[in-house]
1. Summing +1 for each Lys or Arg and -1 for each Asp or Glu, what net charge is found among the other residues whose Cβ lies under 12 Å from the Cβ of Trp231?
2. So for the pair Glu309, Asn40, with labels modelled 7 Å out along Cα→Cβ, what separation do we get in nm?
3. In nm, what is the difference between 0.36 nm times the number of residues separating Asp234 and Trp255 and their Cα-Cα distance?
4. P(r) of the chain in 10 Å steps, Cα pairs, percent per bin?
5. Go through segment 46-137 and name the trypsin sites (Lys or Arg not before Pro) that are in a DSSP coil and have 12 or fewer other Cβ atoms within 10 Å of their Cβ.
6. Once you sort the root eigenvalues of the Cα gyration tensor of segment 2-82 as a ≥ b ≥ c, which label holds: rounded (a/c under 1.5), prolate (a/b larger than b/c) or oblate (the other case)?
7. Just subtract the alpha-carbon distance of Ala12 and Ala271 from 0.36 nm times their residue separation and send over the number in nm, one decimal.
Amino acid sequence: MMEEYGPSREPACLQVLRTLMAGLPPPDLDATIDAILTDNLVEEAGELLRSLRREAGNKAWMESLASRLAPLALKAQHRRSARWQLDTQRVLIRFCYAKDDGAVGFDDGDLHAIFLHAFRLEGLHLLLDLGKRPRPLLTVGLPLPVGVGGLAESMDAVLRQEPKDGPADLMARLNQRLPEGVRIHQWLALPGYASPVSDLAILSRWRWEVPPEFKALARGKIASFLEASCWLWDRGPSLRDGPVDLRNVVSELLWEDSVLYFSTRMEGYQAINPLKMLGAILGVEAPCIVGLVRTAVDLKPDSRLGQAERFQPKLKNMYEDAVLLGGGSNIILVDDDDDEPIQLGPQSETT
């Protein structure tokens with residue numbers, strides 16, 4: 001349990017709501033609401049109540065609190081939406097982490113929940129999105145299925161404000177709480193208008209330590225694959241795009257003893273399961289392949305970072321109508337930057 005590695009740094013007013021799960025006597029209702037309003041956490045408290053309502057020991061008190069908070073939360077959400085483009089305190093953090101060993105059984109949803117929990121316990125306050133039911137702004141970078149490890153995985157977290165502690169301290173605190181096999185190794189503060197990793201990814205680089213029983217089969221199939229000019233993979237009748245030519249997707253295959261290194265194109269192919277892709281080359285089912293690891297991701301330069309004047313807020317009236325209508329701004333972004341790609345991976349320096 002993550003709670004075992006130190007006291008929670010979550011705001012006290014939210015911790016109080018969680019104690020009601022244990023059947024403790026409820027605190028004074030007015031004092032609870034005052035504390036929530038003082039910490040400006042009325043939306044977070046409302047969503048927490050919604051998630052805990054069925055399991056609470058004192059349902060009547062919870063219902064009363066939820067009823068009192070509902071109009072306050074709606075007002076806070078409208079105010080936040082109207083000020084969204086003028087919020088200069090929020091900060092985008094792109095953190096990179098490794099998923100290996102005992103963590104390969106986690107999928108993206110598991111990891112999302114794990115990091116949400118760790119951030120909460122360490123008091124790192126995630127900003128909420130502008131949805132009808134606001135959710136914390138924590139997004140997965142690139143998909144990685146169960147059974148596949150990763151040394152260069154990433155998530156984007158939008159915090160209300162810059163943390164007081166430095167990246168090294170924050171990573172150490174979070175890593176102490178994270179389960180075995182999940183470790184953060186890079187922490188980058190970026191402008192809020194930075195492009196997501198999914199828009200920047202060019203190549204994923206992979207390493208497969210081939211089990212002895214697969215070595216002869218793998219070498220023969222890889223040789224045939226390299227000799228072929230076309231290798232069609234029919235992913236099934238449910239997919240409308242038709243067969244995929246894996247010679248256009250998989251490249252740079254190289255053997256080092258019993259380890260196979262290769263790359264896959266990300267542009268347009270991020271949703272393809274790498275286990276199924278490799279299985280289509282070898283002629284085996286995806287669950288038979290174990291030990292596949294993504295070692296790095298090559299990213300193209302983010303053209304937005306060099307065009308701050310186009311994205312930083314200037315005049316409130318530019319955005320007000322778009323925000324209130326829920327459609328965002330109508331700025332069209334053009335990315336024609338052909339500079340050398342950068343690489344996302346554990347070898348990068350931590351900043």
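1. So the surrounding residues net to -1.
2. Going from the Glu309 label point to the Asn40 one covers 3.1 nm.
3. 4.9 nm
4. Using 10 Å bins, I get a P(r) of 5, 20, 26, 24, 16, 7, 2, 0 for the chain.
5. Loop-located and lightly packed - Lys132.
6. Oblate, because a/c is 1.5 or more while a/b does not exceed b/c.
7. Length gained between Ala12 and Ala271: 89.2 nm.
No lab work stands behind these numbers, since they all come straight from the coordinates. The model shown is predicted, which means the values in this text are computed figures rather than measured ones. Methodologically, a virtual Cβ is constructed for each residue, glycine included, from the backbone with ideal geometry; neighbour enumeration extends over all protein chains shown.
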